[in-house]
Amino acid sequence: MQVILIGFMGSGKTTIGQLLARTLATNHIDLDEFIMQKAQQSITEIFATKGETYFRQLEQLYLKQTLKLPGVLSTGGGTPIIAPNAALLARSKIPIVWLSTSIQTTFQRIQNDTSRPLVNDLDTTALIKLQKKRNPLYQSLANIIIPTDELTPQQIVAQIQRQLKLA
Ligand code: S3P
């Protein structure tokens, strides 16, 4: 991998990953998408039928695999929160970009989403708590931080390219 995107649900990891990969003329891998293809099940189905612990095992297995592939990797919101995954990401020496999004923007984007099991299962207070708890972990792993609230996808990609000096 050339760049890794991390951030909370709704921070734009997939959208920005696709656009950044297109701009750099490289591959884009979305870890959730990769897991769904391998498991032949949606993330919601995996959580519902086998539980979050099983999902996290798949996530760790496929994180290891995708880190070896070329391109831009969009992780899941919880990927870097699991200690062994954080260690894998840090050891990889691949530049890590945190797409940082305010709680307000996060909620505008994810509140009506039914495809995210944690959004379905947790109430607003619990989701806010989760984001606040995770932010320092995202921050500690990130080589660069992009506060995305006021930026268009094109501006975010341009900032990533400029800050990481990617042609
Ligand atoms: C999760 C985020 C999701 C997905 C799963 C768990 C999380 O990815 O991996 O539902 O723990 O925050 P997105 O951040 O792409 O929604």
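The values are calculated or read from the model by the stated rules, or taken from the named source; none is laboratory data. Computed from a predicted structure; not experimentally measured. In this analysis, Cβ positions are derived from the backbone assuming ideal geometry, glycine residues included, and neighbour counts consider all displayed protein chains. Remember, those area values only see protein heavy atoms, side chains included, never the ligands or the DNA or RNA. Shrake-Rupley method; radii C 1.70, N 1.55, O 1.52, S 1.80 Å.
Summary of computed values
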item	result
Residues (open to solvent by 90 Å² or more (accessible area, probe 1.4 Å) and either in contact with a Leu (Cβ under 9 Å, 6 or more places away or on another chain) or part of a strand (DSSP E or B) (or both)) located in region 139-149	ASN143
Pairs where the first residue, in region 8-30, is within 13 Å of VAL97 (Cβ to Cβ) and the second is open to solvent by 20 Å² or more (accessible area, probe 1.4 Å) and within 12 Å of the ligand (Cβ to nearest atom), C-beta under 9 Å, 6+ apart	SER11/ARG109; GLY12/ARG109; LYS13/ASP30; GLY17/ASP30
Some residue of region 115-136 being touching a strand residue (DSSP E or B) at 6+ places or on another chain (Cβ under 9 Å) and closer than 18 Å to GLY10 by Cβ	yes
Restricting region 109-133 to residues that are under 30 Å from ARG162 (Cα atoms) and at pLDDT 95 or above, the residue that is nearest to the ligand (Cβ to nearest atom)	GLN131
Hey, GLN65 in contact with a Gly (Cβ under 7 Å, 6 or more places away or on another chain) and open to solvent by 50 Å² or more (accessible area, probe 1.4 Å) or not	no
Condition broken by PHE107, with the remaining ones in (1) surrounded by 19 or more Cβ atoms within 10 Å (Cβ to Cβ); (2) under 23 Å from LYS133 (Cβ atoms); (3) not acidic (Asp, Glu) satisfied	(1)
Region 9-30, subset closer than 15 Å to PRO70 by Cβ and among the hydrophobic types (A, V, I, L, M, F, W, C), residue farthest from the chain's Cα centre (by Cα)	ALA25
Check on SER92, of a type outside the set (Lys, Arg) and within 16 Å of the ligand (Cβ to nearest atom)	no
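Each row is one residue, and each column tells you yes or no for (1) over 24 Å from LEU19 (Cβ atoms); (2) away from the ligand (no atom under 12 Å from the Cβ); (3) free of Cβ contacts under 8 Å to residues at least 12 places away in the same chain.
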{"position": "ARG56", "(1), (2), (3)": "yes, no, no"}
{"position": "THR75", "(1), (2), (3)": "no, no, no"}
{"position": "VAL97", "(1), (2), (3)": "no, yes, no"}
{"position": "PHE107", "(1), (2), (3)": "no, yes, no"}
